Structures are given as structure tokens and as C-alpha cells.
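Worksheet: the structure to be examined is printed underneath.
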Amino acid sequence: MKKVFLFASVVCMTTLIFCSSCEKKADFVFTVSGNKTTTEFTTPDSLTYTEVNYPQISNFDQAPKDKDGFVTIFDGKSFNGWRGYLKDAVPGRWIVEDGAIKFNGSGGGEAQNADGGDIIFEKKLKNFRFEFEWKVAKGSNSGVFLLAREIKGEPIYTSSPEYQILDNENHPDARATENGNRKSASLYDMIPAEPQNAKPFGQWNTGAIECYKGSVFHFQNGKKVCEYHLWTPQWIALINAGKFKQGGDFKYAFTLLSNLGGDAHEGYIGFQDHGDDVWYRNIKVKILD
């Protein structure tokens, strides 16, 4: 794959505050600054796309951990450590409410408006366990992205698998496929979550994603419900069997998902704006390297 490196002159300053749990004595505070860069890629079939790279959190490993080795990456009060996908700040429809990240639904589905958009945690992850709690309003849809890259002009899902978040009883996506692969905790539109054990809208669920050397596991309410293995022939076949197939409507998706996370096999965790009310809380990550 041919690479041409372009450097933008945008300078961003991000102050991040991590807190582990109430048992920690103090929040861990650090500041990162640097230049945002762009990288242009040419695919084997002569398509060209541009990846944006913001400054990384160089001393994330020094953040305080709880007794199980997790770092809390949402402090329940602010968006420190978070920003919009391809943005320097968190879009206005995302707010902090009662110790949770909430998206205030626009009612427009995936048609994101100026105050909306997906959000990501600023640290690229490779081998990790990501844990969170979530709930939805009646009929709501959202998702959690993993190993995402920021591709200029492209939605996040063209470079990232999605852990589906859904009101299974009231959103039509739950009945849109024969095998239920759009129900909550499924690998969206690819592999159904089984058993399907989501709680009704308005109730909190626990979720987790574990990614280790290409093996990915989805958990919901204490049960492993989905498993897949990245960068394998089976993974490539799975992509090619769906809407992200080679030569399909999403012209970059097959290339990006086939080489998920890029050559470094690392990327961002993100939450989806699907136009509906959704809440996330108790968000933490454990590095498995």
C-alpha cells in the first residue's frame, strides 16, 4: 500500500482528567499538545482516502488503575479525554447527565445534524477489555465502535465494527434480518448476539468488548454473546457477504475493515449518534498487552 504523508498546521491542546474510582486519592491530570497530521493512502484498486491523526495520549499508562487494572475513562462530570469523530470537541447534543454520557436524540436517525455526530475516546487501543453500562429510551438505536480510524469525509462505521445498542422490542432493526444480527450486543449486521439477554428500554445493561490479538468477544449482562476473529480469511468473507463488500456502495469500507485498525492494528473506541436518546456510564478500559 503506497503512503504519502501530509502535515497540517493545526495545533490542538487537550487537557485530560482521568479518575479511577472513588477509592483513588486524586484524579490524574496531564496535558498533551502537538500537530494534527493527515496521511493519504492509495488502495490496490487505485482508490485514495485520507486518514486524520490527532496527537495521542503519550502517558496513558500512568493513569491510576483500580484493583483489577482498569482505568476509568469517563469521570462522570466532564468530557475530558473525549472528542467528536473528526472533530476537536464533543458535539453539543452529547451531554453529561446524572453521572452518564447522554445523547439527546434529534429524531433524524443516522442523518446527523450540526450539533450531533459520533464521539470517540482519544487514546488508540490495541489489546484491551472495554467495559460500560448502557440504556436506551423507547425505540432507540446506538452503537459502540472499536478499532476505528478517522477517515476524512467518511463515517466512522466504514472503518470500524459495531457492537449494536438497541431497544430490541420497539426498534424495527431488531426484525430487519432473519438471524437477528442487528439486536443489541450483536456484531452489527454480521453476527447475532446469542443468547439475547438485553433488558427493556429504560433499564441499565452491562456491556463489554474484549479484543486480544485479533480475537474479539462481546459481552452483555454478564454473558459472552458474540465472538469473531479479525484479519482471518473468515473475517474477510464475512465482510464480503454484507453491505460492506468489495465494490459495494461504501467504496472504502472493504479495504478499511479488511485491514482493521491499519497496519498498527489499533484504533478508537466510539459511541454512535443514531439520532436517538442513549446513555452510557461506568466506562473503563484495561490494557491487555
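The values are calculated or read from the model by the stated rules, or taken from the named source; none is laboratory data. Please read these numbers as outputs of a predicted model, since none were measured by experiment. Cβ atoms come from the backbone with ideal geometry, glycine included; neighbour counts cover every protein chain shown. Note: areas computed on protein heavy atoms with side chains; ligands, DNA, RNA excluded. Shrake-Rupley method; radii C 1.70, N 1.55, O 1.52, S 1.80 Å.
Here are the numbers:
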quantity	calculated
Cα-projected label distance for residue 62 with residue 50, points at 7 Å along beta-carbon direction, nm	3.4 nm
The chain - Rg and Dmax from Cα coordinates, angstrom	18.2, 54
Modelled FRET efficiency - R0 35 Å, residue 215 with residue 115, Cβ distances, 0.05 increments	0.40
Charge dipole (debye, nearest 20) of the chain; +1 at Cβ of Lys and Arg, -1 at Cβ of Asp and Glu	400 debye
Percent RCO, i.e. relative contact order, over the range 125-209, from Cα pairs under 8 Å lying at least 6 residues apart	33 percent
Dipole magnitude (debye, nearest 20) for the range 151-289, charges at Cβ of Lys, Arg, Asp, Glu	240 debye
Å² of accessible area per residue within the chain, as computed with a 1.4 Å probe and no ligands counted	44 Å²
Accessible-area value, residue 65, 1.4 Å probe, nucleic acids and ligands omitted, Å²	90 Å²
Within the accessible area of the chain (1.4 Å probe), percent carbon and sulfur	48 percent
Protection-proxy order for peptides 44-55, 252-263, each taking the mean of Cβ atoms within 10 Å per residue, highest first	252-263, 44-55
Most to least accessible of 85, 268 (protein chains only, probe 1.4 Å)	85, 268
FRET E, pair residue 196, residue 258, Förster distance 30 Å, beta-carbon r, rounded to 0.05	0.60
Three-way shape call for the range 118-202 based on the alpha-carbon gyration tensor, with the a/c threshold at 1.5	prolate
Per-residue SASA entry for residue 288, accessible area with 1.4 Å probe, Å² rounded to 10	50 Å²
Pairwise centroid distance, computed over Cα atoms, of the range 72-114 with the range 119-192, Å	15 Å
Point-to-point label distance, residue 104-residue 249, nm (Cα→Cβ direction, 7 Å offset)	3.1 nm
Inter-probe distance in nm under a simple model that places probes 7 Å from Cα toward Cβ, at residue 265 and residue 240	2.1 nm
